[in-house]
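Below: one structure, written as structure tokens.
Each value in this text was obtained by applying a stated rule to the coordinates, not by laboratory testing. These numbers were taken from a predicted model, which means no experiment stands behind them. Ideal geometry is used to build each Cβ from the backbone, glycine not excepted, and the neighbour counts take in all protein chains shown.
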Amino acid sequence: MSRRASRSRAGLALALGAVLAAPLALADPAAATGQYSVTPLKFTVRAGDRTCVVDADLYRPAGVDHDHRAPAVLATNGFGGSKDDGSTDAIGKAFAQRGYVSLVYSGLGFGKSGCLVSLDDPEIDGRAASQLVDFLGGRRAADDGTRTDAVTLDAAGDPRVGMIGGSYGGAVQLATAAVDHRVDALVPMITWNDLAYSLDPNNAVGADGVPGAFKWQWTNGFYLMGESQPLTQPALDPSRINSLACLHFTTPACDTVRTLNSGGYPADATRRLLSYARSVSPVSYLNRVKAPTLLVQGQADSLFNLNEATATYKALKAQGTETKMIWQSWGHSGGLTDPAAGELNLSQGNLETSYVGRRVLAWFDRYLHGRTATDTGPDFAYYRDWITDPAHTYATADRLPALSRTLYLSGDGKLVDNRAEVTRGSRTYSNWLIPTSHSESSLGGLLGLPDPAPHDTKGTYLAWTSEPLDGAVDVVGAPRATLKVVSPVAERTQTSSDAAGKLVLFAKVYDVAPDGTQTLVHRLVAPVRVPDVTRSFTVTLPGIVHRYEQGHRLRFVIAASDDAYFGNRGIKPVTVVSAPGDTGVLRLPVGHD
């Protein structure tokens, strides 16, 4: 049996890439059940307007050959990683041990693979992966002449192949399936639906075309990781060099980051930003994805939150693509911590003993082995951190919970469940020229560094707090708030061609314990660039799975700023007026076990 130690990487790429890889790391589990061989391969591929070499490894289970074929699994790394990372190498090993032919490769622009980083563009990264599917189907050889005839075929040149991977290695699955319908099954984990939302979120409903608040810490961390490739790969393939102004990304990707970092949103730059970010995002090509898709998204994830997977899930379901969704515990946030007990953790080799692992195996059993009697599980499942028995942490449902509980924003700062209890009143806050609220240190959390508790500065936010709860309330999904604010300054500046004149605010819901300690669930906030302050607007908050215990209180907050995001340009005081017949509303999706 071939064994290969994970290779270390230096600097920022090591720190960030290792975190992204951690939940999928596998270090030769003692419970390994199958032997396999590993063959290093190179593939020259055409990727957009460039030709480059892809670095890959073929894992073939013992006993699998022309006369004893097996389905294949194709996988690549998360952003900043390579095929030699614990995460990607783990996938090759784990599925080869279970009888699948596995082909894992370093994504374009990473490891020893050439070409530029193009953010999983289907016409570049997707087309490149499709050429690896050609190899699995026997249509082409590797650069050294190696061919494979060990993969189950549905037709000549059409291999039975599934894909699995997380983050950057998740979106590429959808990109590949959009351009190559030979892919038979997908398991995208902790990935995005729309990079325009991921990096510059605007949670105002119906605010298409209006940029949000730049998620500067996350975005610049990954940008620096990509641009610092010479520190981790000193002898770069020339196909990985763009220009001195944009070293390793495609030019539109660099332009997007620079526009976001400028803090201004002139109309033409906004159009370019949204057009490019969305063109390389699943939101723009999901209508071409036909492969059965098991979406796995992390609750602890402020980079790609649950709303991203929900948007993908709804789009695929609406067009008739077989789709199911799981909200697991771990995501990009939280540093180098291990998954919770009972969660999928390939470092323990626990595919068969974790809920998510069993779902993945069933998905591939059904769609790769073709065992139609295999039960692939419910449409929706979610991890509950308040359940202590690892065998029962997941609840299941046939649909997402509805917005079934309504609370009203009273003028005295209370959050009440009866409109008749709303008192008339108005309160005001204002922003400073520096951020005054803290949700998270995105990079600090990613690197496993201490992060101060979320907090807000007096005078720069408004809060509405409920009475102690009579019983536990389980919120499962994305709360929604409808608001009306008054801001004369924003009203004057919002008509400018520069969208930076619009009011920015941040909505969030705290859990307040009886002793007054407040918790911001997974440090998630909803940035909003208000489309028009003269009209009411609705905000979709990030999805959560959280039990507000009996005796606890809910606290809804709108804040002027957040130090993980860019905020208002200029001072913009905000007043919120409440009256029984006209006040803000908070709606919660309450789950039922």
Enumerate the lysines that Lys215 could reach by cross-link, defined here as Cα to Cα under 20 Å, with residues fewer than 8 away along the same chain left out. Lys502, Lys508
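What is the sum of charges around Leu351, taking Lys and Arg as +1, Asp and Glu as -1, for the other residues whose C-beta is under 9 Å from the C-beta of Leu351? Let's see the in-between values first.
On the way: positive: Arg98, Arg358; negative: Glu352.
Here the charged neighbours net out to +1.
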Isotropic mean projected area of the C-alpha convex hull, the range 379-461 (nm²): 10.0 nm²
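Give the order of Glu343, Glu352 when sorted by the count of other beta carbons within 10 angstrom, beginning with the fewest. The partial results should precede the final answer.
Working: Glu343 21, Glu352 11.
Listing Glu343, Glu352 from fewest to most nearby Cβ atoms yields Glu352, Glu343.
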Which of the lysines could a cross-linker bridge to Lys290, judged by Cα under 25 Å and excluding same-chain residues fewer than eight apart? Lys314, Lys317, Lys324
Just for the Cα atoms in the chain, what are the lengths along the principal axes, largest first, rounded to whole Å? 79, 54, 42
Express the C-alpha Rg of the range 260-416 as a ratio against the empirical globular expectation 2.2 N^0.38 Å, rounded to two decimals. 1.28
Can you tell me the equivalent ellipsoid semi-axes for the range 403-589? Use √(5λ) from the Cα gyration tensor, largest first, whole Å. 25, 22, 14
If packing is taken as the mean number of other Cβ atoms within 10 Å per residue, what is the order of 561-574, 578-591, highest first? 561-574, 578-591
Within 12 Å, Cβ to Cβ, of Ala70, how many net charges do the neighbouring residues add up to if Lys/Arg are +1 and Asp/Glu are -1? +1
Within 12 Å, Cβ to Cβ, of Ile190, how many net charges do the neighbouring residues add up to if Lys/Arg are +1 and Asp/Glu are -1? -2
Assuming 1.306 mPa s and 10 °C, estimate D for the range 56-107 with Stokes-Einstein, Rh taken as the Kirkwood radius over Cα pairs, in µm²/s. 145 µm²/s
The range 446-506 versus the range 86-120: alpha-carbon centroid distance in Å: 40 Å
Cα to Cα, under 12 Å, and not fewer than 8 places away if on the same chain: which aspartates and glutamates meet these conditions relative to Lys83? Asp55, Asp57
In square nanometres and to one decimal, what's the mean projected area of the convex hull around the Cα atoms of the range 210-276? 5.0 nm²
Sorted on mean Cβ neighbours within 10 Å (highest first), peptides 110-121, 398-409, 492-503 come out as 110-121, 492-503, 398-409
